Amino acid sequence: MPTVYDRHFNQVRNIARHLHNHYHIAANELLFLSSFIINLVLGRLIHWTAPQEEVYNYYTDKRNILNQLFVKNGWAWTTIVIVVFYVSILTQSRPRKSKVIREAVIRYAVITMWWILFTQWCFGLPIMDRIFVLTGGKCVVEDPGRHVKLFANLGNGKSVSSTISSYNCKRIKGSSWEGGHDPSGHVFLLIHSSLYLFLETAEYWPGWGALINSISSVVHNHEKTIIEKLKQLAILGVKIHPQLLVIGMISFWWFMLLTTNIYFHSIAEKLVGMVYGYLGIVVVYFVPRIFRQQSQIGKN
Ligand SMILES: CCCCCCCC/C=C\CCCCCCCC(=O)SCCNC(=O)CCNC(=O)[C@H](O)C(C)(C)COP(=O)(O)O
Ligand SMILES: Nc1ncnc2c1ncn2[C@@H]1O[C@H](COP(=O)(O)O)[C@@H](OP(=O)(O)O)[C@H]1O
């Protein structure tokens, strides 16, 4: 006689099977994909329930070290982590190394290109700035300095431009980025980077059991000092189980995304950043699965 728990377990398993068979998405992938929506909802709940903290919190300051050093160079950190990951995995004697490297580099190049198009350059202004300008946004300054050619003088001591990038606008002293819909670059980058790291490394997942056993064998080694244990953990996270480094990076991106969701931008601007964050990943990792399955059906 199946218990109520068995029935519920079977229901969840059937949903997971359906998703896998029809949409080619595994249950753990769906959970990870939806974690960013959970992050947004959580951010809004904290925003509404703790307004006092917003005023005094360290994270409301854009100049905080985590933002300036890590998120503002987010693609560089993600690149470092994926390079360390592959070097570590491939030195642990994997077969078909050249094929693995070739495919990883192609995916990295396409994913990097999408980051460039959305945040840096898209045959002129990047996509996020184009959305801002097309919805009526402008860069307003008092003194355009060396960018004077890009600005129209309003005659009231102010100049405006809709052709300068957000990056260059912010570098002009006393500038403001006014009007328009300004998609969140942070939300885009943090989701794009986390999904890339997750999907790129999923194939090499050793299981929580193996990771926890390795960590606890270092932590419970009573012959070692704390410094020696920390050194061993660092070696473990880079050389033996680089998945630990990836978990660390993704967890940190998730936390920084939560702070963006609590303190910065409108919901609509965050949703647009989120949609573009999913888009490049869906094209590189999920769309090919549909074509692969169709060609498989064609062969049978
Ligand atoms: C398996 C992987 C192997 C990799 C081997 C490399 C092979 C090379 C292949 C292709 C060539 C691509 C060349 C690109 C190299 C890129 C390397 C870098 O990452 S350097 C750039 C670092 N810059 C950043 O990280 C900036 C990130 N910040 C932003 O995008 C923005 O500040 C923001 C979106 C976070 C916010 O913008 P804001 O204006 O609103 O503040
Ligand atoms: N998690 C976070 N911590 C600190 N600042 C953040 C942040 N998320 C966004 N910001 C800041 O909010 C502004 C808008 O970010 P974005 O459009 O990329 O989402 C940016 O300001 P600056 O460009 O003045 O640094 C950015 O630094």
Here's a check for you: in the stretch 171-188, which residue that is open to solvent by 40 Å² or more (accessible area, probe 1.4 Å) and closer than 14 Å to residue 146 by Cα is farthest from ligand 2 (Cβ to nearest atom)? 173
Take the residues of the stretch 1-34 that are outside any loop (DSSP other than H, G, I, E, B) and touching a helix residue (DSSP H, G or I) at 6+ places or on another chain (Cβ under 7 Å): which is nearest to residue 262 (Cα to Cα)? 32
Is it the case that the stretch 134-144 has a residue that's within 15 Å of ligand 2 (Cβ to nearest atom) and under 20 Å from the mean Cα position of the chain (by Cα)? no
Hey, among the residues in the stretch 267-300 that are open to solvent by 50 Å² or more (accessible area, probe 1.4 Å) and hydroxyl-bearing (Ser, Thr, Tyr), which one's farthest from residue 199 (Cα to Cα)? 295
Set 213, 156: member being open to solvent by 70 Å² or more (accessible area, probe 1.4 Å), away from ligand 1 (no atom under 16 Å from the Cβ) and within 20 Å of residue 243 (Cβ to Cβ): 213
Flagged in the stretch 122-133 as open to solvent by 30 Å² or more (accessible area, probe 1.4 Å) and free of Cβ contacts under 8 Å to residues at least 40 places away in the same chain, in numbering order, are 123, 124, 130
Please find, within the stretch 75-107, the residue that is surrounded by the fewest Cβ atoms within 10 Å (Cβ to Cβ) out of those that are within 20 Å of residue 240 (Cα to Cα), away from ligand 2 (no atom under 16 Å from the Cβ) and under 16 Å from the mean Cα position of the chain (by Cα). 80
Could you tell me whether any residue of the stretch 265-274 is within 16 Å of ligand 2 (Cβ to nearest atom), of a type in the set (Ser, Thr, Tyr) and at pLDDT below 95? yes
Yes or no: residue 59 closer than 17 Å to residue 186 by Cα, over 15 Å from the mean Cα position of the chain (by Cα) and surrounded by 14 or more Cβ atoms within 10 Å (Cβ to Cβ)? yes
Checking residue 93 against (1) assigned to a helix (DSSP H, G or I); (2) more than 9 Å from ligand 1 (Cβ to nearest atom); (3) among the hydroxyl-bearing types (Ser, Thr, Tyr), the condition it does not meet: (1)
For the stretch 36-80, enumerate the residues that are more than 16 Å from ligand 1 (Cβ to nearest atom), touching a Leu at 6+ places or on another chain (Cβ under 7 Å) and polar (S, T, N, Q). 39
Could you please find all residues in the stretch 43-73 being in contact (Cβ under 8 Å) with a residue 60 or more places away in the chain and away from ligand 2 (no atom under 14 Å from the Cβ)? 44
Tell me whether the stretch 242-251 contains one or more residues that are closer than 26 Å to residue 130 by Cα, out of contact with any helix residue (DSSP H, G or I) (no Cβ under 8 Å at 6 or more places or on another chain) and in a helix (DSSP H, G or I). no
Select from the stretch 189-230 the residues that are within 27 Å of the chain's Cα centre (by Cα) and of a type in the set (Val, Ile, Thr) and write down the one among them that is farthest from residue 32 (Cα to Cα). 215
Please work out if residue 165 is over 30 Å from residue 31 (Cα atoms) and either buried (at least 24 other Cβ atoms within 10 Å of the Cβ) or within 9 Å of ligand 1 (Cβ to nearest atom) (or both). yes
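The values are calculated or read from the model by the stated rules, or taken from the named source; none is laboratory data. What you see is a predicted model; the values in this text were computed from it and never measured. Neighbour counts are summed over all protein chains in view; Cβ atoms, including those assigned to glycine, are modelled from backbone coordinates with ideal geometry. All accessible areas refer to the heavy atoms of the entire protein, side chains included, with ligands and DNA or RNA removed. Shrake-Rupley method; radii C 1.70, N 1.55, O 1.52, S 1.80 Å.
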